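The values are calculated or read from the model by the stated rules, or taken from the named source; none is laboratory data. Keep in mind it's a predicted model, so treat the numbers as computed, not measured. Reconstructed Cβ throughout: ideal geometry from the backbone, glycine too, with neighbour counts over all protein chains shown. These accessible areas exclude ligands, DNA and RNA; they are computed on the full protein's heavy atoms, side chains included. Shrake-Rupley method; radii C 1.70, N 1.55, O 1.52, S 1.80 Å.
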Amino acid sequence: MTTQKRVFVALSGASGSIYGIRLMEELVKRGFLLTVAASESGQLVCREETGLDLSGDTLAVTARLCAHLGVKLGVEVVAADNLLACAASGSAAPAAMVVAPCSMGTLARIAGGTSGNLIERAADVMLKERRPLLLVPRETPLSEIHLENMLKLSRAGVRIIPAMPAFYHQPETIDDLVNFVVGKVLDQLDISNDLFKRWGDR
């Protein structure tokens, strides 16, 4: 992926908004263009967990998010119910899409091809266009239904990256744990990173 390709980052209502925000920080730092959408529950969770308000007028939210990310351009926030957004069409699909965090409800609707909002429709577009779609589910314990939905999506080519930080690198802070998961997401996007110590590194 070149530095000027667009990535769609979506936040749904699972806990773990910090993963999506941290991923955005890393992508803009590398010059990627971002389209960002948060479901209504995703907005509530993000505000509760991080203090970042992603609700309201999309232009105002874009300005707040850009300020948080430390950039002036390259970020576009779209409403999760805006099915006229570019990401809803295969002719304007982004280079990759990441749902982080991904709730079990969003994951189930993507697995079922429901396309009831922009996040689900954009994921459906990624599947039909055979472009990278990465889901970062955050739930525990997992039911048989959750596991079956993940298996169905994995078989369709979706990359499932559970928010499961490792401990072999001896993390000392929450940032270390978050960076491990975000680094794994970047790995799956073929984006070089040193967010975590790899096995065997000294």
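Between V125, V99, the distinction of being under 18 Å from S154 (Cβ atoms) and open to solvent by less than 20 Å² (accessible area, probe 1.4 Å) belongs to V99 only. Set side by side, the residues V125, V178 differ, and just one is touching a residue at least 60 places away in the same chain (Cβ under 8 Å), outside any loop (DSSP other than H, G, I, E, B) and touching a helix residue (DSSP H, G or I) at 6+ places or on another chain (Cβ under 6 Å), which is V178.
When restricted to residues that are in contact with a helix residue (DSSP H, G or I) (Cβ under 9 Å, 6 or more places away or on another chain), of a type in the set (D, E, K, R) and part of a loop (DSSP other than H, G, I, E, B), the stretch 128-151 contains 4. The residues in the stretch 128-147 that are touching a residue at least 60 places away in the same chain (Cβ under 8 Å), surrounded by fewer than 23 Cβ atoms within 10 Å (Cβ to Cβ) and not basic (K, R) can be counted, and the count is 1. Within the stretch 121-165, the set of residues being touching a strand residue (DSSP E or B) at 6+ places or on another chain (Cβ under 9 Å) and on the phi > 0 side of the Ramachandran plot comprises G157 only. Applying the set (1) assigned to a loop (DSSP other than H, G, I, E, B); (2) under 22 Å from I191 (Cβ atoms); (3) among the acidic types (D, E) to D81 leaves exactly one unmet item: (2). Residues in the stretch 154-177 that are surrounded by 15 or more Cβ atoms within 10 Å (Cβ to Cβ) and either β-branched (V, I, T) or closer than 15 Å to A100 by Cβ (or both): V158, R159, I160, I161, P162, A163, P165, L177. Evaluated against (1) exposed (fewer than 13 other Cβ atoms within 10 Å of the Cβ); (2) at pLDDT 95 or above; (3) of a type outside the set (V, I, T), F180 falls short on exactly one condition, (1). Would you mind finding the one in S115, S91 that is more than 15 Å from the chain's Cα centre (by Cα), at pLDDT below 95 and assigned to a helix (DSSP H, G or I)? Going through S115, S91 in turn, just one is more than 15 Å from the chain's Cα centre (by Cα), at pLDDT below 95 and assigned to a helix (DSSP H, G or I): S91. Annotation note: of L54, L84, L23, L44, the sole residue that is of a type in the set (A, V, I, L, M, F, W, C) and within 12 Å of the chain's Cα centre (by Cα) is L23.
Take R30 and decide whether it is modelled with pLDDT under 95 and more than 17 Å from L134 (Cα to Cα). Yes, satisfied.
For the stretch 171-191, how many residues are in contact with a Leu (Cβ under 8 Å, 6 or more places away or on another chain) and of a type in the set (S, T, N, Q)? Here the count works out to 2.
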